[in-house]
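Asker: Can you read through this structure? Questions will come right after.
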């Protein structure tokens, strides 16, 4: 195991080095200028479409689930422990400036996510069971002919699902239930595994039915809780925001109570890495469910990607990060990190009730992520091994949830590291695809604009 961890540390240093941050942000910047700032042009469109009645039915006849169901399932996978534990970890390691770089990654990530979803929807296919499948592997195979690169992405996605979408989430959920309700971690893992098994056995439609119910509720609940905390610390908010912007470019060690190791470089790297871990823009994961939506134009569903990143990072991650900074928890409790840091921030306002609130929020976030990522892993591994792998994958998925919940803090640390590495390995072929097929995206966006101007698309 030690050898694996050493190898992972070496690979992680490569795939999440400065060049990866530049590659991720650079891709978002390039696509933003290529498409004429779609995160601005289509922002209102994305809001209207995401919240419209038509999104619950869809447009056209091709697809498996409604556009809203696809959005909810994608949000289910992105709004997870990364929004609570991951954001806290980034700020703990990089200082307040890490929050700024999360925002930067989100702004350009909106375009990246839109393009990912658009391409996945454009090149989707039906499998032997009549289910729509899509994602970076299908884009690479159909648009570039690079079957080996498509295979690698699918394999990395399948393996990554057990880290980012399974064991890290189960561990965080079990930890939250232990803190909030004194439930032993093993029992927490077993409970999560049981309720997951009830859903995934029914496939995508079953997953979508559950996520459309719990995702809107859990997001609204957390946002309301965050707003109340902000209002109660309104006097500290200006200084908190100032610290975020200032220490994104200045030595954070000058901040009173600074934690050893803080630097501008660490703020940038951890901010971008955790931002990507949270909203998954650039990884190529969410398109695997977005592409199953009933839609009449790839870009229409692509705009849902803008809304997804906005909710995940601009709203929910901001609530987490600013709560930690504004309450003084970041510098007041330097020994804390991850979910414990966020729990302490909410505890300053509501006491033990705040702990219970966040414990429930984290449990719901992680549960929804486990459901969403199940589909991503299944899509990746069926591309590599065929449909015969599905029963085996389902069993492994449930077993790993129990193992993830049962593991301790060191186990969680190791799984986080492995998940980060696999995320980076997923991102590389995905980003190559976005650059390679950017001309097709430009054509699709132009076609979308023309049809909207003619009234052919609502």
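Asker: Looking only at segment 54-104, which residues are assigned to a loop (DSSP other than H, G, I, E, B) and more than 12 Å from the chain's Cα centre (by Cα)?
Answerer: The answer is 57, 58, 59, 60, 61, 62, 63, 64, 66, 95, 96.
Asker: Moving to a separate point now. Going through segment 343-371 one residue at a time, which ones are crowded, with 24+ Cβ neighbours inside 10 Å and more than 14 Å from residue 221 (Cβ to Cβ)?
Answerer: 343, 345, 366, 369, 370, 371
Asker: Considering 139, 107, 117, which residue is part of a helix (DSSP H, G or I), touching a residue at least 12 places away in the same chain (Cβ under 8 Å), touching a helix residue (DSSP H, G or I) at 6+ places or on another chain (Cβ under 9 Å) and surrounded by fewer than 23 Cβ atoms within 10 Å (Cβ to Cβ)?
Answerer: Values: 139 fails: surrounded by fewer than 23 Cβ atoms within 10 Å (Cβ to Cβ); 117 fails: surrounded by fewer than 23 Cβ atoms within 10 Å (Cβ to Cβ).
None of the others qualify; the one that does is 107.
Asker: Related question: Return yes or no: is residue 32 under 19 Å from the mean Cα position of the chain (by Cα) and touching a residue at least 60 places away in the same chain (Cβ under 8 Å)?
Answerer: Numbers: under 19 Å from the mean Cα position of the chain (by Cα): no; touching a residue at least 60 places away in the same chain (Cβ under 8 Å): yes.
Here the answer is no, as residue 32 does not meet what is asked.
Asker: Further, regarding this structure: From the list 197, 243, 176, pick out the single residue that is part of a helix (DSSP H, G or I), within 28 Å of residue 418 (Cα to Cα), modelled with pLDDT of 90 or more and touching a helix residue (DSSP H, G or I) at 6+ places or on another chain (Cβ under 7 Å).
Answerer: 197
Asker: Quick one: which residue in 208, 193 is in contact with a strand residue (DSSP E or B) (Cβ under 8 Å, 6 or more places away or on another chain) and in contact (Cβ under 8 Å) with a residue 24 or more places away in the chain? Steps first, answer last, please.
Answerer: Details: 193 fails: in contact with a strand residue (DSSP E or B) (Cβ under 8 Å, 6 or more places away or on another chain).
Exactly one residue qualifies, and that residue is 208.
Asker: What tally of residues in segment 426-443 results from selecting those that are surrounded by fewer than 21 Cβ atoms within 10 Å (Cβ to Cβ) and closer than 13 Å to residue 282 by Cα?
Answerer: The qualifying residues number 3.
Asker: Something else about it: What about residue 221, is it part of a helix (DSSP H, G or I), in contact with a helix residue (DSSP H, G or I) (Cβ under 8 Å, 6 or more places away or on another chain) and surrounded by fewer than 21 Cβ atoms within 10 Å (Cβ to Cβ)?
Answerer: The answer is yes for residue 221.
Asker: Only one of 318, 303, 313 is in contact (Cβ under 8 Å) with a residue 40 or more places away in the chain, in a helix (DSSP H, G or I) and surrounded by fewer than 24 Cβ atoms within 10 Å (Cβ to Cβ). Can you tell me which?
Answerer: Being in contact (Cβ under 8 Å) with a residue 40 or more places away in the chain, in a helix (DSSP H, G or I) and surrounded by fewer than 24 Cβ atoms within 10 Å (Cβ to Cβ) holds for just one of 318, 303, 313, which is 318.
The values are calculated or read from the model by the stated rules, or taken from the named source; none is laboratory data. Just so we're clear, the structure is a prediction, and the values are computed from it rather than from any experiment. A quick note on method: Cβ atoms are made from the backbone with ideal geometry, for glycine too, and the neighbour counts reach across all protein chains shown.
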